[in-house]
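Trainee: Dropping the structure in here first, questions after.
The values are calculated or read from the model by the stated rules, or taken from the named source; none is laboratory data. Remember, predicted model here, so these are calculated numbers, not experimental data. All Cβ positions, glycine included, derive from the backbone under ideal geometry; neighbour counts span all protein chains shown.
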């Protein structure tokens, strides 16, 4: 299992342009630390109109800066928001090829259907978003590899043109699809592209069932969307590696993970009752990132209700307290999340044991979200360094032993 970094460009309570500048500078510095530590790929998200939650509105520019400041670290965009009203596939291919050249052939491309508030922002038709994602995955490798390219479908029309530049990697950079539902995992497999999933507090067993859907889809793949198939499975989760349990608590990483899960439905305009119901059911709450019309149809209970039932599960109780503005201490946040098998926050041994659970379900790449919430920049760099010293070599040795066996 390889270790990657997953980055939102996120910091709680930013309020000034100078703080935004500092966050972007810290992100590049953390990427240099990841390069030194032996991480394989730096993945950058794309979000728009999501203050505090993500300042990654121009990920290609950030990834170019990272590529120019690192030597071996690969740079991945996951995911490009694929609906055509947000990103036309021609422009995605052009920007991706340019970044591949600037990075010296280190680019990875992942595409996402997106949803919720971002669909509203750009006027995306939810009825066509999935088909647009699928067509983009099929079009982009053709744009990269064919002498001329044209397309004529109900969703996209383009006359034959010679498109430049072309990527440095041959036949082209690896393709990925972000996924959250069983159908989307299966679709990624059927297209022959890698899959990138997220836990977001849901149990590792749920991710296992989703990866099984991907494997079933890949087994049915007759012709990959690109010139080469990519059968890798990546999973994103919260990761903070500290010198000790006490240091992990002091970093506020568990509190920050709760902040992330608390703030996500606000950033993506999802009613809290739907978000909480997904977490209670052990589901990935990203499944409820739907259109405004779909959310209105699903929303039954009062989305603003923050009453805490006597038998409420601890995670939801803390999220409701956060929503009410109550103080949630680092200690109680850590004690609550420590028992969740999907959250990797603690000392080296604790984190190694949690990471092994992902390896056991067939994860090829663990995408570590390390810069999140209010985790201090220096603590993020320490976590990156410790993962490089203790986790990356441990799982590399395990991978080598499996390949020999």
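Trainee: Name the residues in segment 345-370 that are closer than 17 Å to residue 250 by Cβ and either surrounded by fewer than 21 Cβ atoms within 10 Å (Cβ to Cβ) or under 19 Å from the mean Cα position of the chain (by Cα) (or both), would you?
Mentor: The answer is 345, 347, 348, 350, 370.
For every residue, the table says whether it meets (1) at pLDDT 95 or above; (2) in the same structural domain as residue 270 (by TED's automatic domain parsing); (3) crowded, with 20+ Cβ neighbours inside 10 Å.
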| site | (1), (2), (3) |
| --- | --- |
| 15 | no, no, no |
| 18 | yes, no, no |
| 39 | yes, no, yes |
| 81 | yes, no, yes |
| 85 | yes, no, no |
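Trainee: From the set of residues in segment 49-61 that are surrounded by fewer than 24 Cβ atoms within 10 Å (Cβ to Cβ) and in contact with a strand residue (DSSP E or B) (Cβ under 8 Å, 6 or more places away or on another chain), which is farthest from residue 374 (Cα to Cα)?
Mentor: 60
Trainee: Please give the strands (runs of 3 or more DSSP E) falling wholly within segment 96-200 in which 2 or more residues are under 17 Å from residue 79 (Cα atoms).
Mentor: By residue number, 107-112, 175-178, 194-198.
Trainee: Starting from residues that are in a loop (DSSP other than H, G, I, E, B) and out of contact with any helix residue (DSSP H, G or I) (no Cβ under 7 Å at 6 or more places or on another chain), keep the ones in segment 55-86 and report whichever is farthest from residue 101 (Cα to Cα).
Mentor: For segment 55-86, the residue satisfying everything is 57.
Trainee: How many residues are surrounded by fewer than 24 Cβ atoms within 10 Å (Cβ to Cβ) and either farther than 18 Å from residue 145 by Cα or outside the structural domain of residue 62 (by TED's automatic domain parsing) (or both) if we restrict to segment 103-117?
Mentor: Of the residues in segment 103-117, 3 are surrounded by fewer than 24 Cβ atoms within 10 Å (Cβ to Cβ) and either farther than 18 Å from residue 145 by Cα or outside the structural domain of residue 62 (by TED's automatic domain parsing) (or both).
Trainee: Given the structure, is residue 299 surrounded by fewer than 18 Cβ atoms within 10 Å (Cβ to Cβ), more than 21 Å from residue 208 (Cα to Cα) and at pLDDT below 90?
Mentor: In short, yes.
Trainee: Would you check which residues across segment 48-65 are touching a residue at least 40 places away in the same chain (Cβ under 8 Å) and either under 13 Å from residue 87 (Cβ atoms) or outside the structural domain of residue 8 (by TED's automatic domain parsing) (or both) and list them?
Mentor: Within segment 48-65, just 48 meets the criteria.
Trainee: I've got another one for you. Read through the list (1) over 24 Å from residue 266 (Cβ atoms); (2) out of contact with any strand residue (DSSP E or B) (no Cβ under 8 Å at 6 or more places or on another chain), then give the number of the only condition that residue 77 fails.
Mentor: Unmet for residue 77, out of (1) over 24 Å from residue 266 (Cβ atoms); (2) out of contact with any strand residue (DSSP E or B) (no Cβ under 8 Å at 6 or more places or on another chain): (2).
Trainee: Separate question: Which ones in segment 216-245 are surrounded by fewer than 14 Cβ atoms within 10 Å (Cβ to Cβ) and under 30 Å from residue 390 (Cα atoms)?
Mentor: 243, 244
Yes/no per residue for (1) at pLDDT below 95; (2) outside the structural domain of residue 270 (by TED's automatic domain parsing); (3) under 17 Å from residue 80 (Cβ atoms); (4) within 18 Å of the chain's Cα centre (by Cα):
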site	(1), (2), (3), (4)
95	no, yes, yes, no
98	no, yes, yes, no
120	yes, yes, no, no
143	no, yes, yes, no
166	no, yes, no, no
176	no, yes, yes, yes
195	no, yes, yes, yes
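Trainee: Now a separate question. Could you run through segment 31-48 and say how many residues are closer than 20 Å to residue 263 by Cβ and out of contact with any strand residue (DSSP E or B) (no Cβ under 9 Å at 6 or more places or on another chain)?
Mentor: So the answer is 0.
Trainee: Name, by its number, the condition in (1) surrounded by fewer than 18 Cβ atoms within 10 Å (Cβ to Cβ); (2) touching a residue at least 12 places away in the same chain (Cβ under 8 Å); (3) assigned to a helix (DSSP H, G or I) that does not hold for residue 212.
Mentor: For residue 212, the exception is condition (2).
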